[in-house]
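Worksheet for the structure shown next.
The values are calculated or read from the model by the stated rules, or taken from the named source; none is laboratory data. Since the structure is predicted, the reported quantities are computational estimates derived from the model, not experimental observations. Using ideal geometry, Cβ is built from the backbone for each residue, glycine included, and neighbour counts are taken over all protein chains shown.
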Amino acid sequence: MAGYVNGSGARNGSKDEGKVASLEDARRRAAQRAKEEKREARARRLGTMAVRDWIIGAVIIAMALGMVWHWFSPLVGATGATR
(Lines give C-alpha, C1' and ligand atoms only; values in the text may rest on other atoms or scores of the structure.)
Protein backbone atom coordinates (compact mmCIF):
# COMPACT_ATOMS: atom_id res chain seq x y z
CA MET A 1 0.00 0.00 0.00
CA ALA A 2 1.09 3.54 -0.69
CA GLY A 3 0.31 4.80 2.81
CA TYR A 4 -0.01 8.54 3.28
CA VAL A 5 0.92 9.87 -0.13
CA ASN A 6 0.59 13.58 -0.83
CA GLY A 7 0.62 13.26 -4.62
CA SER A 8 4.38 13.42 -5.11
CA GLY A 9 5.25 9.94 -3.94
CA ALA A 10 6.79 11.16 -0.69
CA ARG A 11 5.21 10.59 2.70
CA ASN A 12 4.02 13.60 4.66
CA GLY A 13 6.87 15.30 6.49
CA SER A 14 9.57 12.96 5.22
CA LYS A 15 12.28 13.38 2.66
CA ASP A 16 12.35 11.69 -0.73
CA GLU A 17 12.38 7.93 -0.21
CA GLY A 18 12.50 7.11 -3.90
CA LYS A 19 8.84 6.12 -4.02
CA VAL A 20 6.86 7.27 -7.03
CA ALA A 21 3.13 7.91 -7.02
CA SER A 22 2.67 8.53 -10.74
CA LEU A 23 4.33 7.93 -14.06
CA GLU A 24 4.57 11.69 -14.61
CA ASP A 25 6.47 12.07 -11.34
CA ALA A 26 8.85 9.27 -12.34
CA ARG A 27 9.51 10.93 -15.69
CA ARG A 28 10.11 14.29 -14.03
CA ARG A 29 12.58 12.76 -11.58
CA ALA A 30 14.39 10.88 -14.35
CA ALA A 31 14.65 14.04 -16.45
CA GLN A 32 15.99 16.00 -13.47
CA ARG A 33 18.53 13.27 -12.70
CA ALA A 34 19.67 13.15 -16.35
CA LYS A 35 19.99 16.94 -16.43
CA GLU A 36 22.14 16.93 -13.27
CA GLU A 37 24.38 14.17 -14.64
CA LYS A 38 24.80 16.04 -17.92
CA ARG A 39 25.67 19.25 -16.06
CA GLU A 40 28.26 17.42 -13.93
CA ALA A 41 29.82 15.77 -16.99
CA ARG A 42 30.06 19.15 -18.74
CA ALA A 43 31.67 20.73 -15.68
CA ARG A 44 34.26 17.94 -15.53
CA ARG A 45 34.97 18.22 -19.25
CA LEU A 46 35.37 22.01 -19.23
CA GLY A 47 37.14 22.18 -15.89
CA THR A 48 40.44 20.74 -17.04
CA MET A 49 42.48 21.78 -20.04
CA ALA A 50 44.76 19.28 -21.72
CA VAL A 51 48.31 20.03 -22.84
CA ARG A 52 47.04 20.06 -26.42
CA ASP A 53 44.66 22.91 -25.56
CA TRP A 54 47.50 24.97 -24.07
CA ILE A 55 49.70 24.41 -27.14
CA ILE A 56 46.94 25.36 -29.57
CA GLY A 57 46.15 28.46 -27.51
CA ALA A 58 49.81 29.52 -27.46
CA VAL A 59 50.09 29.08 -31.26
CA ILE A 60 46.96 31.18 -31.85
CA ILE A 61 48.23 33.96 -29.55
CA ALA A 62 51.64 33.91 -31.27
CA MET A 63 49.95 34.19 -34.66
CA ALA A 64 47.84 37.13 -33.45
CA LEU A 65 50.89 38.94 -32.08
CA GLY A 66 52.77 38.30 -35.34
CA MET A 67 49.87 39.74 -37.32
CA VAL A 68 49.79 42.87 -35.17
CA TRP A 69 53.57 43.26 -35.56
CA HIS A 70 53.22 42.81 -39.34
CA TRP A 71 50.62 45.60 -39.45
CA PHE A 72 52.53 48.10 -37.30
CA SER A 73 56.15 47.44 -38.36
CA PRO A 74 55.87 49.58 -41.54
CA LEU A 75 54.57 52.49 -39.45
CA VAL A 76 57.55 52.27 -37.08
CA GLY A 77 59.99 52.18 -39.98
CA ALA A 78 58.29 55.10 -41.77
CA THR A 79 58.50 57.46 -38.80
CA GLY A 80 62.11 56.73 -38.06
CA ALA A 81 61.47 55.75 -34.44
CA THR A 82 63.87 52.81 -34.70
CA ARG A 83 66.91 54.84 -35.87
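Couple of notes before you dig in:
- Looking only at the stretch 21-44, residues that are more than 13 Å from the chain's Cα centre (by Cα) and exposed (fewer than 10 other Cβ atoms within 10 Å of the Cβ) come to 2 in all.
Matching residues to (1) surrounded by fewer than 10 Cβ atoms within 10 Å (Cβ to Cβ); (2) modelled with pLDDT of 70 or more:
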| site | (1), (2) |
| --- | --- |
| Val5 | no, no |
| Lys15 | yes, no |
| Thr48 | yes, yes |
| Ala81 | yes, no |
